[in-house]
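*Asks:* Shown below is the structure under consideration.
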Amino acid sequence: MTVTKKTTSSSKPRITLTATDHEKLSALADAASHTMPEVAAELADEIDRAQVLPKGRSATDIVCMGCEVEFRDDVSGRVQTVTLVYPNEADIARGRISILTPIGTALIGLPVGKSIDWTTRNGDKKRLTVLQVREPAATEPQSA
């Protein structure tokens, strides 16, 4: 089944995905189209408008799957740090946010310094700005 896509807003910032993220997220959006059609359609829309890096190239300062993201809620001014993960790895108590959430979909592919408008599950309009991105391998190991 093909996911129905919403029209892309021209006000959305340019996003970039790695080839691996593009491939896995496309399959995830398709699989989720039956159980979570609205979120799946939003993710499919983001995937469709993304610039895809050639296989083997990684993105620096771009939100990718598995990376830690520090962002500011531009409405409240609150700064949060989360890790963007696949649904089976999500754990809100540990700051692990699923890509299949409105905020996860909003974050994917955003470069540092860019902002995006997004809508919560309750229908509230929000805006966030990416402040910092840390790759999983680049995070400092915790001392024992």
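The values are calculated or read from the model by the stated rules, or taken from the named source; none is laboratory data. Note that this is a predicted model, so its numbers are computed, not measured. Positions of Cβ are generated from backbone atoms using ideal geometry, with glycine treated the same way; all protein chains shown enter the neighbour counts.
*Asks:* Got a sec? Which of 52, 39, 63 is touching a His at 6+ places or on another chain (Cβ under 8 Å) and either β-branched (Val, Ile, Thr) or without any contact (Cβ under 8 Å) to a residue 24 or more places away in the chain (or both)? Quick ask: steps written out before the conclusion?
*Replies:* Working: 39 fails: touching a His at 6+ places or on another chain (Cβ under 8 Å); 63 fails: touching a His at 6+ places or on another chain (Cβ under 8 Å).
Residue meeting the stated conditions: 52.
*Asks:* Can you tell me which of (1) at pLDDT 95 or above; (2) surrounded by 14 or more Cβ atoms within 10 Å (Cβ to Cβ); (3) of a type in the set (Ser, Thr, Tyr) is the one residue 20 doesn't meet?
*Replies:* Answer for residue 20: the failing condition is (1).
*Asks:* Right, next: Go through the stretch 117-144 residue by residue and tally those that are β-branched (Val, Ile, Thr), closer than 19 Å to residue 16 by Cβ and modelled with pLDDT under 95.
*Replies:* The qualifying residues number 0.
*Asks:* Given the conditions (1) closer than 25 Å to residue 36 by Cα; (2) in contact with a Cys (Cβ under 8 Å, 6 or more places away or on another chain); (3) not hydrophobic (A, V, I, L, M, F, W, C), report the number of the one that residue 122 does not fulfil.
*Replies:* The single condition residue 122 does not satisfy is (2).
Residues are listed down the side, and each one gets a yes or a no for (1) under 13 Å from the mean Cα position of the chain (by Cα); (2) within 14 Å of residue 107 (Cα to Cα); (3) of a type in the set (Val, Ile, Thr); (4) surrounded by 15 or more Cβ atoms within 10 Å (Cβ to Cβ):
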site: 29; (1), (2), (3), (4): yes, no, no, yes
site: 39; (1), (2), (3), (4): yes, yes, yes, yes
site: 43; (1), (2), (3), (4): yes, yes, no, yes
site: 52; (1), (2), (3), (4): no, no, yes, yes
site: 62; (1), (2), (3), (4): yes, yes, yes, yes
site: 67; (1), (2), (3), (4): yes, yes, no, yes
site: 75; (1), (2), (3), (4): no, no, yes, no
site: 78; (1), (2), (3), (4): no, no, no, no
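*Asks:* Same structure again: What is the one condition in (1) at negative phi; (2) over 14 Å from the mean Cα position of the chain (by Cα) that residue 113 does not satisfy?
*Replies:* Just one mismatch for residue 113, condition (1).
*Asks:* Same structure, new question: Can you find, within the stretch 80-107, the residue that is farthest from residue 14 (Cα to Cα) among those that are of a type in the set (Gly, Ala, Ser) and in contact (Cβ under 8 Å) with a residue 12 or more places away in the chain? Give the steps one after another, and end with the answer.
*Replies:* Just the residues of the stretch 80-107 that are of a type in the set (Gly, Ala, Ser), to begin with: 90, 93, 95, 98, 104, 106.
Checking the rest, the ones that are also in contact (Cβ under 8 Å) with a residue 12 or more places away in the chain come to 95, 98, 104, 106.
Working: 95: 25, 98: 21, 104: 16, 106: 12 Å.
Ranking the candidates gives 95 first.
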